[in-house]
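Data first, discussion second: the structure below is written as structure tokens.
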Amino acid sequence: MSACHNKSFSVFLPALLFLFPYIFKTFAEELQIRYAADMAHLPAGAQIAAMGDVGVVLPQRASSVIWNPASVSFAKHVELSAEIADIYHGLSRQGCFALRMPQGQIASSIVYAPFLSGNIPFFDSLPSTYEESLNDISLRSDGVPKGYFQNNQHQMILTMGKMLSLKMPTPPGSGLPRPLNISAGLSLKGYWQTMNPEGRKYMGVGVNADLGVMASIGLDYDLSKKVTNRNIVLGIAVRDFLPAEIIWVHSPLGYREKIRYSHYYGISYVDKSGDLGGNWTFALALDKQYTTSLRLGLEAEFWNIAVFRAGLSGKIPTLGAGVHYKRYYMDYAFRFDKIDFSFFRMTLGVLF
């Protein structure tokens, strides 16, 4: 690594770590819940969605930057991916289109993630109290929607990250030094959201940012294959840490919504030695937004082609599978979401 790279990283990483305590202190108060689907925290990336949303320690895909900006620096090739999902039994649709570009130990990416709500019933708001509606049937809603509207949301994410590669010292005669890779990343995000109740269009806009750090610790090194067979990956990310709001354009009340920050912590163990009959990844993560949730993920790869996945995102079981051949891959995820089952989430990707 050049002296210039070392110098820039030595400034970037301490500044990033310095911000974490400030973030937690500044945003300790409770903030408002965003309207409808909080799309900043919807699952994205079929691999991660199938593994219980443990994306804070899964840097393999271009869409991983949604979960942890530091993952961008783990890319070895330019990667382009596209994802389409029918969620909640086709009630809504979601997409994720990602491009990741490594340039030495500095990498960047751009992600566009739309969420299309589908038709939402619109009901009358009757001018009565609960007691009045009990006494007068005309003041009760008949349960028939007055119409339908859509609540479509979009986010654009620009990410930059840098990797620092080190070697952990080992006792003489114990083997080669174990690799230690530390990455730090920053994502800048733009939100926009449109609704059209009763034919009137409303638009909400806002910006925010994410910070992340990820470290990969090699536990051994295979001299014949020249690869590290076993790794521990640690990750931490703070999402939406700026004191920003969603501003609703044309709102008669000047309505604004505060965006709540969240933080994620995770650890994973990756074993590619073949001693377990394949390549295995075990991951655990905690996230705190409104409450603290535990996330678990498991991935098993056989013959270096077929992949099977399972996980638990809070109380939601997740399943998935995938295949990859040379520079192409395809991932699929199925989720037992609370609203309804999400049967279809597919990602196609290519490495250049």
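Taken over segment 278-307, residues that are buried (at least 22 other Cβ atoms within 10 Å of the Cβ) and not charged (D, E, K, R) amount to 5. Looking at G161, G206 in this structure, which one is at pLDDT below 95 and either part of a strand (DSSP E or B) or not hydroxyl-bearing (S, T, Y) (or both)? Just one listed residue meets the conditions, G206. Residue count for segment 235-258 satisfying the condition of being under 29 Å from V270 (Cβ atoms) and among the small types (G, A, S): 2. Hey, can you tell me all the residues within segment 270-320 that are basic (K, R) and touching a helix residue (DSSP H, G or I) at 6+ places or on another chain (Cβ under 6 Å)? Correct list: R309 only.
Annotation: of all residues in segment 209-232 being modelled with pLDDT under 85 and not small (G, A, S), the one that is farthest from the chain's Cα centre (by Cα) is L223.
With respect to being assigned to a strand (DSSP E or B), touching an Asp or Glu at 6+ places or on another chain (Cβ under 8 Å) and not hydrophobic (A, V, I, L, M, F, W, C), G235 falls outside the description. For segment 323-352, residues that are touching a residue at least 60 places away in the same chain (Cβ under 8 Å), out of contact with any helix residue (DSSP H, G or I) (no Cβ under 8 Å at 6 or more places or on another chain) and part of a strand (DSSP E or B) total 5.
Checking segment 83-90 against the condition returns no match, with no residue being part of a helix (DSSP H, G or I) and either closer than 25 Å to F341 by Cβ or touching a residue at least 40 places away in the same chain (Cβ under 8 Å) (or both). When each of L186, L242 is tested for being within 30 Å of F282 (Cα to Cα) and at pLDDT 85 or above, the lone residue that passes is L186.
For segment 258-277, a residue qualifies if it is buried (at least 18 other Cβ atoms within 10 Å of the Cβ) and out of contact with any Ser or Thr (no Cβ under 7 Å at 6 or more places or on another chain), and the qualifying residues are K258, I259, R260, Y261, S262, H263, Y264, G266, K272. Scanning segment 332-343 turns up at least one residue that is at pLDDT below 95, in contact with an Asp or Glu (Cβ under 7 Å, 6 or more places away or on another chain) and not hydroxyl-bearing (S, T, Y). Within segment 85-101, identify whether any single residue is within 21 Å of the chain's Cα centre (by Cα), acidic (D, E), at pLDDT 90 or above and within 17 Å of A62 (Cβ to Cβ), and answer yes or no. Among the residues of segment 85-101, not one is within 21 Å of the chain's Cα centre (by Cα), acidic (D, E), at pLDDT 90 or above and within 17 Å of A62 (Cβ to Cβ), which makes the answer no. Filtering segment 75-84 to residues that are buried (at least 16 other Cβ atoms within 10 Å of the Cβ) and at pLDDT below 95 leaves only A75. Does D240 satisfy being closer than 30 Å to P59 by Cα, of a type in the set (D, E), surrounded by 16 or more Cβ atoms within 10 Å (Cβ to Cβ) and in contact with a Pro (Cβ under 9 Å, 6 or more places away or on another chain)? Criteria not met by D240.
Among the conditions (1) touching an Asp or Glu at 6+ places or on another chain (Cβ under 7 Å); (2) within 14 Å of V54 (Cα to Cα); (3) modelled with pLDDT under 95, the only one that T281 does not satisfy is (3). Taken over segment 222-232, the criterion of being in contact (Cβ under 8 Å) with a residue 24 or more places away in the chain and in a loop (DSSP other than H, G, I, E, B) is satisfied by L223, T228, N229.
Every residue, every condition in (1) touching a Lys or Arg at 6+ places or on another chain (Cβ under 9 Å); (2) assigned to a strand (DSSP E or B); (3) among the charged types (D, E, K, R); (4) at negative phi, yes or no:
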position	(1), (2), (3), (4)
W248	yes, yes, no, yes
Y264	yes, yes, no, yes
V270	yes, yes, no, yes
G277	no, no, no, no
F282	no, yes, no, yes
D287	yes, yes, yes, yes
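The values are calculated or read from the model by the stated rules, or taken from the named source; none is laboratory data. Bear in mind that the values here come from a model prediction, so they are computed numbers and not experimental data. All Cβ positions, glycine included, derive from the backbone under ideal geometry; neighbour counts span all protein chains shown.
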